[in-house]
Every structure is written in structure tokens, then in C-alpha cells.
Amino acid sequence: MAPDVFGCVAAYVRDVCGEGPVCVHVDDARECQIKRHPDYAKFRSRALAARAARKPSQLWESMVAMGRMSDARGDNKWRMIVVDCLTHFLRTRSWSISRDFHCDLRDVRSDMFEAALDVWEETAKGVPPREVPTLMVKAAINAAYRRANVHECDSSTGDVEDLLIFEEAVVDSVLKASSIVHDANPRDPAVIEQIRGERTGALWQMYGLSEVVNGYHEDLRAGRRRGLQGALVTEAMLARTWVAGGSYYYYTSDLYPKFVALPAAAEALGIAKSAAYKMVRAGSFPCLTMRMGSGIQVPTKALMQSLSIADIVVHVDDVENGAAHAGGK
């Protein structure tokens, strides 16, 4: 069987780089002052580890900058290296979307590839290199969900950086839908809802947020928080007669801070800080802003909407089941 687009990109990059040294500083290792360079396999491993660390990476900034320089001379080598390294973070998500919504995996990955390259072109000017990989991954995942005609994506946690992290595919996800829901129709709304909640719980467990989430759940069960009321109950909720309490549904945004400082919101949107303040004064900032004291704040829900991050509804039982599964219980 012929490889899909991810496989084609990998083969192309391996062919272009060969077995020789890879230099992200000047491209040609023979002209670089740094004398030791890894081959592509080792270089890619370093790039993946740097991105998985969820911290600012000079390596990725250099990769994007080198890609821009290569574009200027009509060479797409480094652009494809960036894409090849990012596909590692898209494989799990592409596979789960294909399986859960009966989409052809090749089509899903083709849409992801095209969306990522569109972002590469759109961010050629005015966007810092460090922002480009995250924007590419986000666009790729959104494109895959559009292929599946699904407008709700798995995402949750407490600040802007984590909102973006949860939009990226989780490397070697600890939770597959089939690991908890057996012999079920993945198109059944009740099953989709259960899977969504369990995945959310697994992700919260992975990022060390279980204590915060469990405290919120205790408040719901004790009546200290209201949860969702009957007017918001959906057909899927009514079909799930085994869950403990219809009032224990809640929006994932209920666990986020209510507001985000303008500089953080601007960074998430790929907007320079100085430009963000100018846009606020001109009334052109892409989401609602509010002045609080001497600072400007952005409502988190408005930011989520601008980032196309769905404010999903989950049930405490599903979230806790997913967290327990991820924790090995």
C-alpha cells in the first residue's frame, strides 16, 4: 500500500537530508562554526523532545527561521522538515478522528497537511517563529475535525498555554476510546459524550490537574456548585441513565480562570504585544476585552471562541473514569 501524505513527507525529508549532518544554523554543516552536527534521525529526536517539553525552544525557532530562508531561495527542505517533525504530534489525533467518525485516514491526514502548509504561508510575515508550529498544529487538527463534521474538540485546563497544548495531539495518548468503551457504536451521541469526558479526565490526569478537578467535583456533589440545570440537558444525557446525577454535568471552561491578561491572550492568538494594545484602542482586537483597574483583560470564553476551542460539556463520572484509567487504576 502506498504511504499516506505523512509517510510521503517523511520519505522526502529522509531523501533530501540523506545520512549526512543536519545544520540548523547555516544549513551547510561545512560552513558552520559549530563542528559537530547530528544526522537527521538524531536531529528529529531532539526536535520532538524539545516540543514535548512544552517550553520555549530555540531549536524550533531556528527551524522555522531556516525554513523562511529556504523559502526565499525557492527551497522547501526546511519547511518539510518542520512539517515532518510536527506530524509526530498529529498521528494519534488523525487516527482517532478517522476511527471514531469513520473518515478515511488518508483524507484526514491530507487535510491536516494542507492546513498546516496554509498556516506556514499565512504566517510568513508578522508572526514570531516561535508561534508558527503551534498555529500549524492547531489548524491541522481543526481541519481534521471539519473533515469529520465535528465541531467539538477535546480541550481543557487552566491557562492560555495549556489551552493550546490540549489542542495539539497528545503523543502516544494514554487513552483510546476502545480501551474503556467496548462493542459500542462510536456514532452514538451518548457514547461520543462518554468518550469525550473520559479523554478529558485522562488529559487532566496527565497534566497533574486531578486534585483541582476532584475538588470541583466534590463541590458539585455537595451542592456548593450548581452544574448544568435541566433546561440544558440533551438527548444524549437523557439516554445515559446509568450516570449518577444529571446535575453533575459542567462546562470544561468552569475550571479555567474567568479572565486572561491581554499579553497572554495576544500571544495565544499570534499577535505581538504592542500590536494587541493598538488593536484594542482601535477596537479591532479579535475578541472581547475589558479594562480592569490599570490592565486589560480578555474573558477566557471569548478567547476560546477566537481560538476555535470548543467549551465542551462533560460529566463527573466520565472525567473520573478517564483519570482513573490514565492513572492505571
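The table for this structure:
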quantity: Residue among 16, 24 that is surrounded by 14 or more Cβ atoms within 10 Å (Cβ to Cβ) and at pLDDT 90 or above; calculated: 16
quantity: Restricting segment 106-129 to residues that are of a type in the set (Lys, Arg) and within 18 Å of residue 88 (Cα to Cα), the residue that is nearest to the chain's Cα centre (by Cα); calculated: 109
quantity: Hey, residue 326 among the aliphatic types (A, V, I, L, M) and at pLDDT 85 or above or not; calculated: no
quantity: Residue list for segment 310-329, restricted to those being in contact with an Asp or Glu (Cβ under 6 Å, 6 or more places away or on another chain) and either closer than 14 Å to residue 203 by Cα or β-branched (Val, Ile, Thr) (or both); calculated: 312, 318, 321, 322
quantity: Near pairs, Cβ below 6 angstrom, 6+ apart or cross-chain, from segment 310-325 (surrounded by 20 or more Cβ atoms within 10 Å (Cβ to Cβ)) to any residue that is β-branched (Val, Ile, Thr) and at pLDDT 80 or above; calculated: 314/200; 319/200
quantity: Segment 29-47 - residue that is among the charged types (D, E, K, R) and loosely packed, with under 11 Cβ neighbours inside 10 Å and, of those, modelled with the lowest pLDDT; calculated: 35
quantity: Segment 111-134, residues that are open to solvent by 20 Å² or more (accessible area, probe 1.4 Å) and among the aromatic types (Phe, Trp, Tyr); calculated: 113
quantity: Residue list for segment 256-298, filter: touching a residue at least 40 places away in the same chain (Cβ under 8 Å), open to solvent by less than 30 Å² (accessible area, probe 1.4 Å) and at negative phi; calculated: 256, 260, 265, 268
quantity: Residue match in segment 74-97 (condition: under 23 Å from residue 22 (Cβ atoms) and among the polar types (S, T, N, Q)); calculated: yes
quantity: Single unsatisfied condition, residue 56 versus (1) crowded, with 20+ Cβ neighbours inside 10 Å; (2) not in a helix (DSSP H, G or I); calculated: (1)
quantity: Evaluation of residue 124 against (1) in contact with a strand residue (DSSP E or B) (Cβ under 9 Å, 6 or more places away or on another chain); (2) within 15 Å of residue 61 (Cα to Cα) (one fails), failing number; calculated: (1)
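Here is a yes/no grid of residues against (1) buried (at least 16 other Cβ atoms within 10 Å of the Cβ); (2) in contact (Cβ under 8 Å) with a residue 40 or more places away in the chain; (3) in a helix (DSSP H, G or I):
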| residue | (1), (2), (3) |
| --- | --- |
| 49 | no, no, yes |
| 64 | yes, yes, yes |
| 74 | no, no, no |
| 81 | yes, yes, yes |
| 84 | yes, yes, yes |
| 103 | yes, yes, no |
| 109 | yes, yes, yes |
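The values are calculated or read from the model by the stated rules, or taken from the named source; none is laboratory data. Small disclaimer: the values here were computed from a predicted structure and weren't measured. Neighbour counts are summed over all protein chains in view; Cβ atoms, including those assigned to glycine, are modelled from backbone coordinates with ideal geometry. All accessible areas refer to the heavy atoms of the entire protein, side chains included, with ligands and DNA or RNA removed. Shrake-Rupley method; radii C 1.70, N 1.55, O 1.52, S 1.80 Å.
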